[in-house]
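Just so it is clear, none of the values below were taken in a lab; they were calculated from the coordinates. Predicted model only: the values in this text are computed from it and were never measured. Methodologically, a virtual Cβ is constructed for each residue, glycine included, from the backbone with ideal geometry; neighbour enumeration extends over all protein chains shown.
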Amino acid sequence: MRRNIVAGNWKMNLGFEEADDLVNLIAEKLDEVETETTVIVCPPYPYLELTSDLAQESNFFAGAQNVSSFDNGAYTGEVSAQMLASMNIDYCIVGHSERRKYFHETNQEISTKVVKLLESGISPIFCCGEALEERESEKHFDVVKTQIVESLFNLTGEEILDVIIAYEPVWAIGTGKTATGAQAQEMHAYIRSLLTEKYGKEVSEEISILYGGSCNPKNAKELFANKDVDGGLIGGASLKADDFLAIITSF
Ligand code: PGA
């Protein structure tokens, strides 16, 4: 169902005590604000239990940053969708550009991960987005279209309703260089038009599309004011409770 969502992607940051402090601080601060926004906290795997336990009694949900494309079994170092589900994890980021770049994830592998998550009742936060040279050569729409078509369009209209899409231009991630509200809106509207073409308007209007890439308390309002921007996937700024809360209340 379409709603405003802010998800924090902690990436590979923080020691256990820092993670414990941060997630508790977020829970406390969320208790003090009135917000309709769905808040998701995605820590590294070792801190998921702590996060999901606290999420049960707080106004946020726990999410993972990655999942295996395999089922349970002899896959050393992997974590399956079923394991995440057994720990009450409701969301999981898939296809982040860092995983595409450093771990060579392909659209096909990401598609498999999306299916595994949906089979386990976990909502995928599916990331897509173009690199700088792709935008400069005006290939950004084609790149995002291919990512979406190859990783999501095998799903039924019912299945895709459980997917959250995050548009994250690679040139904006961790760089301090944010897309303008107009650039974000243009791509989000394009993504929604692809969804409409494939699944119809009723379905496409029900899917939340988040923006990610150097989103912070200063630019969140301008980004979220656009009609097809339903929130954000936040990296750096999600590591500071005050900044994260300021973004959550930017709608
Ligand atoms: P950033 O990261 O906010 O630090 O740019 C966003 C992301 O990679 O999800």
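Put simply, of Y199, Y211 the only residue that is more than 18 Å from the chain's Cα centre (by Cα) and among the aromatic types (F, W, Y) is Y199.
All told, I165 falls short of being more than 16 Å from the ligand (Cβ to nearest atom) and touching a Cys at 6+ places or on another chain (Cβ under 8 Å).
K145 meets the conditions (1) part of a helix (DSSP H, G or I); (2) away from the ligand (no atom under 14 Å from the Cβ); (3) under 23 Å from T37 (Cα atoms) in every case but one. The failed one is (3). For the stretch 213-247, the tally of residues that are more than 14 Å from the ligand (Cβ to nearest atom), among the hydrophobic types (A, V, I, L, M, F, W, C) and over 18 Å from C127 (Cα atoms) stands at 3. Yes or no: V115 under 21 Å from A64 (Cβ atoms), out of contact with any strand residue (DSSP E or B) (no Cβ under 7 Å at 6 or more places or on another chain) and away from the ligand (no atom under 16 Å from the Cβ)? Against the criterion (under 21 Å from A64 (Cβ atoms), out of contact with any strand residue (DSSP E or B) (no Cβ under 7 Å at 6 or more places or on another chain) and away from the ligand (no atom under 16 Å from the Cβ)), V115 qualifies. Test A179 against the stated conditions and say whether it is more than 23 Å from Q108 (Cβ to Cβ), crowded, with 16+ Cβ neighbours inside 10 Å and either of a type in the set (K, R) or within 16 Å of the ligand (Cβ to nearest atom) (or both). For A179, the condition - more than 23 Å from Q108 (Cβ to Cβ), crowded, with 16+ Cβ neighbours inside 10 Å and either of a type in the set (K, R) or within 16 Å of the ligand (Cβ to nearest atom) (or both) - is met. Annotation note: of S58, S86, the sole residue that is polar (S, T, N, Q) and surrounded by 16 or more Cβ atoms within 10 Å (Cβ to Cβ) is S58.
V94 passes every criterion in (1) closer than 23 Å to G8 by Cα; (2) more than 15 Å from the ligand (Cβ to nearest atom) apart from (2).
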